[in-house]
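*Asks:* Dropping a structure here in structure tokens format, bear with me for questions.
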Amino acid sequence: MSRPILTAAEMRAAEATAIAAGTPAFALMENAGAAAAEAIWRFAGPLPALILCGPGNNGGDGYVLARHLAERGSEVRVAALGDPRTPDAGKARSAWSGPVEAFAEAAPAPLLVDALFGTGLARPLDGPWSDRLAELGRAAKVRVAVDLPSGVATDDGAILSPVPDFDLTVTFASLKPSHRLQPAARHMGRVVVADIGIVVQSSLHEIARPRLTGPGPDDHKYSRGYVAVIGGSMPGAAALTASAALHGGAGFVKLSGAHDMSGVPRAVVQGDPDPRKMVQDRRLGAIAIGPGLGLGEASRAALDVALAAAAPLILDADALTLIAGQGAFEPAGPTPVLTPHHGEFEGLFPGARGSKVDRALHAARRARSVVVYKGPDTVVAGPDGRAAIASGFTPWLATAGTGDVLAGIVAAMRARGLDAFEAACAGVWLHNRAAELAGPGLIADDLIAHLAAALAECL
């Protein structure tokens with residue numbers, strides 16, 4: 001099940017709702033500190049710990065978890081960045097029976113817990129504070145952040161001031177955008193979401209493993225999904241897309257416009273050189289166009305044929321470049337899926353502002369399409385306001401052809417009957433999982449070889 005992701009404002013509203021329903025605010029702090037202590041104990045064991053507590057409620061969580069770790073037998077020291085400034089943080093400090101050191105003078109410990117600032121930080125840490133946090137982080141064997149690392153903005157993945165690399169981040173009730181958006185996400189380590197008794201809802205989620213069904217006794221190749229891939233001047237790219245669609249579960253894949261079929265699985269059917277005949281087939285479940293298409297007049301004509309077709313579209317690579325150059329986008333069929341990387345996104349949607357999620361949602365509404373804004377923090381956004389962020393990334397995906405493979409997987413998901421948004425999310429998950437299975441040094445062809453295993457995990 002996909003996990004919700006809340007902005008700072010949404011999290012404050014969820015907390016306020018819980019308090020209004022009868023849960024005392026201090027009880028939420030107690031729950032958070034106890035849950036963080038449990039997660040830290042399981043992750044690091046009884047290491048001598050230094051808990052850094054800020055003046056707000058994040059610091060209050062720190063005092064609570066310090067008490068719980070000490071009760072488990074850990075050697076715990078607390079260093080504060082000043083006196084508590086909220087009533088609940090004051091209560092938490094009063095309940096801590098140990099001494100409190102000054103942040104600037106605290107000696108390092110094997111386990112460092114950063115509870116200085118959490119959700120809602122809007123400015124950089126003061127220089128000496130940032131330097132001291134970095135120094136203590138370098139000296140520690142294990143580094144844990146409570147809610148978010150101090151120096152990270154909550155909603156957009158921005159780094160407001162230098163942030164150490166943490167081994168574990170324990171957050172509460174839900175993920176926040178910066179747990180998944182770059183460049184902040186790379187500093188989080190393992191992210192654990194602790195239940196503290198708050199009900200959360202959001203239109204933004206983490207992309208989860210899709211729940212798919214395998215073919216039944218009444219299925220045939222067309223009912224499993226018929227994908228047409230329209231190629232062009234670079235046959236290798238279109239071959240990757242067609243191969244990925246086939247290995248991604250489509251029952252029938254036809255490739256048009258490829259001059260060389262030598263690198264294509266024999267199960268891929270060679271289509272008519274003129275794609276107009278192919279796209280008129282009523283059995284067609286999805287059309288993928290763009291990888292290897294080219295930018296000449298013949299490519300523009302092929303794109304016009306696809307845009308006029310009744311089948312769902314997956315538009316990637318050269319198709320996106322051609323659309324950006326034309327300045328108009330009017331597909332005839334159901335909601336399309338666009339899969340731009342950053343450069344293509346900027347060409348299609350210049351001037352989009354805000355976080356990557358904000359920009360993707362703006363693009364989806366403007367294009368009336370599902371947009372897969374690719375990258376190490378891939379965001380999927382729909383024109384209906386739904387959005388999702390990939391749960392992780394594999395740096396080895398930064399190699400030629402992997403985007404062509406993604407287009408083919410999404411096409412297979414769309415052809416099997418998923419709506420555009422769900423097909424895009426499923427494709428992103430399968431793509432990432434195949435990369436994990438392929439391991440370091442992968443090339444695009446390796447993703448295809450591991451798609452069956454990734455798909456099997458979803459059945």
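The values are calculated or read from the model by the stated rules, or taken from the named source; none is laboratory data. A quick note: this is a predicted structure, and the numbers were derived from the prediction, not measured. Positions of Cβ are backbone-derived with ideal geometry, glycine not excepted, and every protein chain shown enters the neighbour counts. Areas reflect the complete protein model, heavy atoms only, side chains present, ligands, DNA and RNA absent. Shrake-Rupley method; radii C 1.70, N 1.55, O 1.52, S 1.80 Å.
*Asks:* Taking into account only those residues within segment 257-283 that are touching a Lys or Arg at 6+ places or on another chain (Cβ under 9 Å) and in contact (Cβ under 8 Å) with a residue 40 or more places away in the chain, which is nearest to Y222 (Cα to Cα)?
*Replies:* D281
*Asks:* Can I ask one more? Which residue, of G343, G351, G292, is within 29 Å of the chain's Cα centre (by Cα), without any contact (Cβ under 8 Å) to a residue 24 or more places away in the chain and at positive phi?
*Replies:* That would be G351, the only listed residue that is within 29 Å of the chain's Cα centre (by Cα), without any contact (Cβ under 8 Å) to a residue 24 or more places away in the chain and at positive phi.
*Asks:* Might you let me know whether segment 108-126 holds any residue that is at pLDDT 95 or above and among the hydroxyl-bearing types (S, T, Y)?
*Replies:* So far as segment 108-126 goes, no, none of its residues is at pLDDT 95 or above and among the hydroxyl-bearing types (S, T, Y).
*Asks:* Looking at A420, A388, which is the one that is of a type outside the set (D, E), in contact with a helix residue (DSSP H, G or I) (Cβ under 6 Å, 6 or more places away or on another chain) and touching a residue at least 40 places away in the same chain (Cβ under 8 Å)?
*Replies:* A388
*Asks:* On to the next question. Right, H220: open to solvent by 20 Å² or more (accessible area, probe 1.4 Å), outside any loop (DSSP other than H, G, I, E, B) and either under 30 Å from V163 (Cβ atoms) or without any contact (Cβ under 8 Å) to a residue 40 or more places away in the chain (or both) or not?
*Replies:* Criteria not met by H220.
*Asks:* Can you go through G441, G417, G351, G385 and tell me which one is over 21 Å from G231 (Cα atoms), in a loop (DSSP other than H, G, I, E, B) and at pLDDT below 95?
*Replies:* Being over 21 Å from G231 (Cα atoms), in a loop (DSSP other than H, G, I, E, B) and at pLDDT below 95 holds for just one of G441, G417, G351, G385, which is G351.
*Asks:* Tell me, which residue of segment 450-459 that is under 19 Å from V253 (Cα atoms) and either touching a residue at least 40 places away in the same chain (Cβ under 8 Å) or touching a Cys at 6+ places or on another chain (Cβ under 6 Å) (or both) is least open to solvent (accessible area, probe 1.4 Å)?
*Replies:* L451
*Asks:* When you scan segment 79-88, do you find a residue that is touching a strand residue (DSSP E or B) at 6+ places or on another chain (Cβ under 8 Å), surrounded by fewer than 14 Cβ atoms within 10 Å (Cβ to Cβ) and farther than 23 Å from R138 by Cα, even just one?
*Replies:* no
*Asks:* Tell me the residue from A411, A400, A364, A332 that is among the aliphatic types (A, V, I, L, M), over 16 Å from the mean Cα position of the chain (by Cα) and under 22 Å from A452 (Cβ atoms), please.
*Replies:* Criteria check complete, one pass: A411.
*Asks:* Is it true that some residue in segment 13-29 is open to solvent by 50 Å² or more (accessible area, probe 1.4 Å) and closer than 18 Å to A109 by Cβ?
*Replies:* No: segment 13-29 contains no residue that is open to solvent by 50 Å² or more (accessible area, probe 1.4 Å) and closer than 18 Å to A109 by Cβ.
*Asks:* Within segment 88-171, which strands (runs of 3 or more DSSP E) (wholly inside it) include 2 or more residues that are under 16 Å from G54 (Cβ atoms) and in contact (Cβ under 8 Å) with a residue 40 or more places away in the chain?
*Replies:* 111-115, 142-146
*Asks:* A further question on this structure: How many residues are surrounded by fewer than 22 Cβ atoms within 10 Å (Cβ to Cβ), aliphatic (A, V, I, L, M) and modelled with pLDDT under 90 if we restrict to segment 261-287?
*Replies:* The total comes to 1.
*Asks:* So in segment 46-75, with the set limited to residues that are out of contact with any Leu (no Cβ under 8 Å at 6 or more places or on another chain), of a type in the set (G, A, S) and closer than 17 Å to T119 by Cα, which one is most open to solvent (accessible area, probe 1.4 Å)?
*Replies:* Only one residue fits best here, namely G56.
*Asks:* Another one. Looking at G189 and the list (1) in contact with a strand residue (DSSP E or B) (Cβ under 6 Å, 6 or more places away or on another chain); (2) of a type outside the set (S, T, Y); (3) at negative phi, which single condition is not satisfied?
*Replies:* (3)
*Asks:* Count, please, the residues in segment 232-285 that happen to be at positive phi and under 30 Å from the mean Cα position of the chain (by Cα).
*Replies:* Within segment 232-285, residues that are at positive phi and under 30 Å from the mean Cα position of the chain (by Cα) number 1.
*Asks:* For segment 392-446, name all the residues that are among the β-branched types (V, I, T) and either surrounded by fewer than 18 Cβ atoms within 10 Å (Cβ to Cβ) or over 16 Å from P210 (Cα atoms) (or both).
*Replies:* Correct list: T394, T399, T402, V405, I443.
*Asks:* Still on this model: Select from segment 223-256 the residues that are open to solvent by less than 30 Å² (accessible area, probe 1.4 Å), out of contact with any Lys or Arg (no Cβ under 9 Å at 6 or more places or on another chain) and not in a loop (DSSP other than H, G, I, E, B) and list them in ascending order.
*Replies:* I230, A237, A238, A239, L240, T241, S243, A244, A245, V253, L255
*Asks:* Right, next: Answer yes or no: is there a residue in segment 176-194 that is outside any loop (DSSP other than H, G, I, E, B), open to solvent by 20 Å² or more (accessible area, probe 1.4 Å), free of Cβ contacts under 8 Å to residues at least 60 places away in the same chain and over 20 Å from E436 (Cα atoms).
*Replies:* No; the residues of segment 176-194 include none that is outside any loop (DSSP other than H, G, I, E, B), open to solvent by 20 Å² or more (accessible area, probe 1.4 Å), free of Cβ contacts under 8 Å to residues at least 60 places away in the same chain and over 20 Å from E436 (Cα atoms).
*Asks:* From the set of residues in segment 356-376 that are open to solvent by 10 Å² or more (accessible area, probe 1.4 Å) and part of a loop (DSSP other than H, G, I, E, B), which is farthest from R186 (Cα to Cα)?
*Replies:* R368
*Asks:* Here's a follow-up. Could you please tell me which pairs satisfy a Cβ distance under 7 Å, a separation of 6+ or placement on different chains, a first residue in segment 16-27 that is among the hydroxyl-bearing types (S, T, Y), and a second residue that is assigned to a loop (DSSP other than H, G, I, E, B)?
*Replies:* T23/G197
*Asks:* For segment 303-345, what are the residues that are assigned to a helix (DSSP H, G or I), hydrophobic (A, V, I, L, M, F, W, C), open to solvent by 10 Å² or more (accessible area, probe 1.4 Å) and more than 15 Å from A364 (Cα to Cα)?
*Replies:* Of everything in segment 303-345, those that are assigned to a helix (DSSP H, G or I), hydrophobic (A, V, I, L, M, F, W, C), open to solvent by 10 Å² or more (accessible area, probe 1.4 Å) and more than 15 Å from A364 (Cα to Cα) turn out to be V305, L307.
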